[in-house]
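Readers should treat all values here as calculations from the given coordinates under stated rules, not as data from a laboratory. Small disclaimer: the values here were computed from a predicted structure and weren't measured. Methodologically, a virtual Cβ is constructed for each residue, glycine included, from the backbone with ideal geometry; neighbour enumeration extends over all protein chains shown.
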Amino acid sequence: MTAQREWFEKDYYATLGVQKEASAKDVTKAYRKLARKLHPDANPGDDTAESRFKEVSAAYDVLGDEDRRAEYDQVRTMGPTAGGMGGGGFGGAGGFDMDDLFGGMSGFGGRGGQRGRRGDDLETRLTLSFVEAVNGATTTIHLVSDAACSTCSGSGARPGTRPTTCESCGGRGVRADDQGPFSFSRPCAPCGGRGRQIEDPCGNCRGSGIERRPREVRVRIPAGVEDEQRIRLKGRGGPGRGGPDGDLFVVVAVEPHRRFGRRGLNLTVVVPISFPEAVMGAEIPVPTLEDDTVTLKVPAGTRSGQTFRVKKRGVQTGRVTGDLLVTVEVHVPTDPTTAETAAIEALGEALSGSPRDGLAD
């Protein structure tokens with residue numbers, strides 16, 4: 001497990017404002033809504049909003065991942081509210097300290113013989129154009145972060161030498177700690193839970209096996225990605241210290257398009273039509289995101305603001321393709337010519353009744 005102490009202390013469901021039984025879709029929807037509201041770019045200089053944004057992001061890091069959410073739920077059921085353990089709960093009289101529990105759950109000698117500590121999860125933002133978000137893209141992200149030492153390849157030992165097995169724990173990285181009916185594993189103090197000791201440390205990283213340096217990460221953005229969507233790159237985060245590397249979360253920022261909008265998998269566009277076209281009906285060209293046009297048949301008597309659907313001209317993800325939603329707006333001249341004015345006046349005289357008839361009833 002990759003449990004953390006704060007999992008006991010923080011209710012991530014409450015942070016996102018969802019119920020524990022919420023679906024993955026509802027969790028993502030709640031996160032995106034809060035992220036847009038609290039993002040530092042939308043609240044410059046607001047420390048409270050920035051703090052809340054970090055809390056919301058931390059909550060979604062866990063609840064937005066199926067495996068980590070399952071672990072979180074399991075850990076929460078074992079928390080202080082469970083009670084009944086030694087008569088005093090966690091840290092109480094006759095109970096046990098949280099560190100004992102986490103010693104066996106946070107990667108120190110965990111399941112599958114895993115040693116050491118898991119690397120940190122990292123987060124970065126990537127700005128995409130509207131078209132790139134719709135069609136997908138492959139790009140390179142430039143980071144400055146912790147990485148395996150380039151001199152010792154992450155071993156922590158001076159080149160030409162090798163770490164030795166820790167004599168205290170026999171290379172396991174943990175030591176058993178019996179407490180009455182319970183037995184827990186603690187990180188081995190002499191080796192720091194790594195299961196090995198370095199006699200001759202690397203001069204570049206001083207034995208840590210980690211250095212901070214620029215690096216590039218190649219990432220493939222799937223078609224149809226949405227604004228503020230998070231993409232998880234497993235194992236591309238911070239380097240582990242004897243454990244697995246952390247994950248890299250890429251938060252996508254989608255630039256608006258000058259003409260098109262988006263509703264899920266559907267694209268939207270507004271197209272002006274003339275008054276005669278609205279009254280009499282017409283076939284009009286409509287632009288698409290592929291730089292071509294489709295012909296839309298506008299029926300007679302079309303109202304301004306009416307929306308028509310063009311099938312299969314929206315966002316395509318796998319086997320599913322959205323539609324193009326075309327909203328027509330009747331163009332009203334703001335500075336009519338003399339001829340236009342005469343024609344409009346003649347039309348007004350020819351029309352029978354008033355569109356406001358019946359309002360006084």
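Things worth noting here:
- Ranked Glu21, Glu123, Glu277, criterion: other C-beta atoms within 10 Å, fewest first: Glu21, Glu123, Glu277
- The GluC sites (Glu not before Pro) of segment 180-263 that meet both conditions, a loop assignment by DSSP and at most 12 other Cβ atoms within 10 Å of the site Cβ, are Glu199.
- From least to most packed, judged by other beta carbons within 10 angstrom and beginning with the fewest, Ser129, Ser23 follow the order Ser23, Ser129.
- Ignoring lysines fewer than eight residues from Lys25 along the same chain, the ones with Cα atoms less than 19 angstrom from its Cα are Lys33, Lys37.
- nm² value of the averaged projected area, convex hull over the Cα atoms of segment 261-334: 5.2 nm²
- Dipole orientation for segment 261-334: of the candidates Gly322, Ile273, Val286, Gly322 has the Cα lying most toward the positive pole (charges on Cβ; Lys, Arg +1; Asp, Glu -1).
- In a reduced charge model with +1 at each Lys and Arg Cβ and -1 at each Asp and Glu Cβ, segment 200-315 shows a dipole moment near 320 debye about its Cα centre.
- Rounded if a/c under 1.5, otherwise prolate or oblate - segment 206-347, Cα gyration tensor axes: prolate
- Gap separating the Cα centres of segment 10-38 and segment 134-161, nearest whole Å: 32 Å
- Exposure proxy for Thr334, Thr321: other Cβ atoms within 10 Å of each Cβ, ordered fewest to most, give Thr334, Thr321.
- Ignoring aspartates and glutamates fewer than eight residues from Lys311 along the same chain, the ones with Cα atoms less than 14 angstrom from its Cα are Asp323.
- Estimated inter-spin distance, Glu21 and Thr138, nm [label 7 Å along Cα→Cβ]: 4.5 nm
- This model, with +1 at the C-beta of Lys and Arg and -1 at the C-beta of Asp and Glu, gives segment 261-334 a dipole about its Cα centre of some 400 debye.
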